[in-house]
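The structure appears below as structure tokens.
The values are calculated or read from the model by the stated rules, or taken from the named source; none is laboratory data. Everything numeric here is computed off the predicted structure, so don't read it as measured data. Counting neighbours? That spans all protein chains shown, and the Cβs are built from the backbone with ideal geometry, glycine included.
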Amino acid sequence: MRAAARRYPDVVLHLNEELTGNMADQLLRGRVDVAMFSPTMPEEDIRFFPLVEEDFVFLDSPQSPHALPPGDVSIAQATARPLVWPAHAHGHCTRWLVDTVLEQAGHPAARVAAEINSVYTLKAAVEAGLGPTIMPFGLAQREVQEGRLVAHRIDSPSMHRTLGLCVSVHLPTTNAKRAVCTLIGDVVRDLCESGQWAGARALAPVKSAAKSAEK
């Protein structure tokens, strides 16, 4: 938001934070111009351009009687207890991806302690001891730094997600959309290179984001 205000003061940026299922529906219906998502949208309707790769971590309460010792954990350890998850309909960018990794590794689907469709409430539930969860480290970076949650790297090269720009192939491209797509690419790169977006690696050149919106 700060970058947009500095670079494009005449562009009114409307920012939505929604459940992933709701955001996917809005993008498909043309109610939003651009979304940051994982590549789970229908290819015939949505053009996806990868921008960043994020590592998943196992998160638990430091007060949990089942807390694991510091260090990496295996997939089996990360899924040994029922997890606090977003509901399946809203798990495009987290739960769906972890389920796929478990299936490919020959592990059963993770058991569910609770389904919570709010990342803030979900983290609070983990902190309160309702159960652990798996999510990108960047989503819980503040709570980990404050000692409210403990993060463990999961020893699996597949435990990550790719986020990118999603634009509808059915909507026209405007100058404002191209500008904001370029801006998102710049901000993502800067956050990754500066270490502010912990556990993330930028994937795309700066100008590629705008090109993806033009095609």
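Assorted remarks:
- All positions within the stretch 5-19 that are among the basic types (Lys, Arg) and touching a residue at least 60 places away in the same chain (Cβ under 8 Å): ARG7
- Of the strands (runs of 3 or more DSSP E) lying entirely inside the stretch 1-118, those containing at least 1 residues that are surrounded by 12 or more Cβ atoms within 10 Å (Cβ to Cβ) and not assigned by TED's automatic domain parsing to the domain that holds GLY185 are 46-60, 83-85, 112-115.
- GLY147 passes every criterion in (1) under 29 Å from ALA78 (Cα atoms); (2) at pLDDT below 95; (3) out of contact with any helix residue (DSSP H, G or I) (no Cβ under 9 Å at 6 or more places or on another chain); (4) assigned to a loop (DSSP other than H, G, I, E, B) apart from (2).
- None of ARG161, ARG142 is basic (Lys, Arg), under 16 Å from the mean Cα position of the chain (by Cα) and surrounded by fewer than 16 Cβ atoms within 10 Å (Cβ to Cβ) except ARG142.
For (1) at pLDDT 95 or above; (2) out of contact with any Ser or Thr (no Cβ under 6 Å at 6 or more places or on another chain); (3) under 13 Å from LEU163 (Cα atoms), each residue gets a yes or a no:
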| position | (1), (2), (3) |
| --- | --- |
| VAL34 | no, yes, yes |
| MET41 | no, yes, yes |
| PHE49 | no, no, yes |
| ASP55 | no, yes, yes |
| ASP72 | yes, yes, no |
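- For the stretch 162-180, the condition of being assigned to a strand (DSSP E or B), more than 25 Å from ARG7 (Cβ to Cβ) and in contact (Cβ under 8 Å) with a residue 24 or more places away in the chain holds for at least one residue.
- Residue in the stretch 170-197 that is surrounded by the most Cβ atoms within 10 Å (Cβ to Cβ), counting only those that are at pLDDT below 90 and touching a strand residue (DSSP E or B) at 6+ places or on another chain (Cβ under 9 Å): LYS177
- Across the stretch 163-206, the number of residues qualifying as within 19 Å of ASP55 (Cα to Cα) and β-branched (Val, Ile, Thr) comes to 2.
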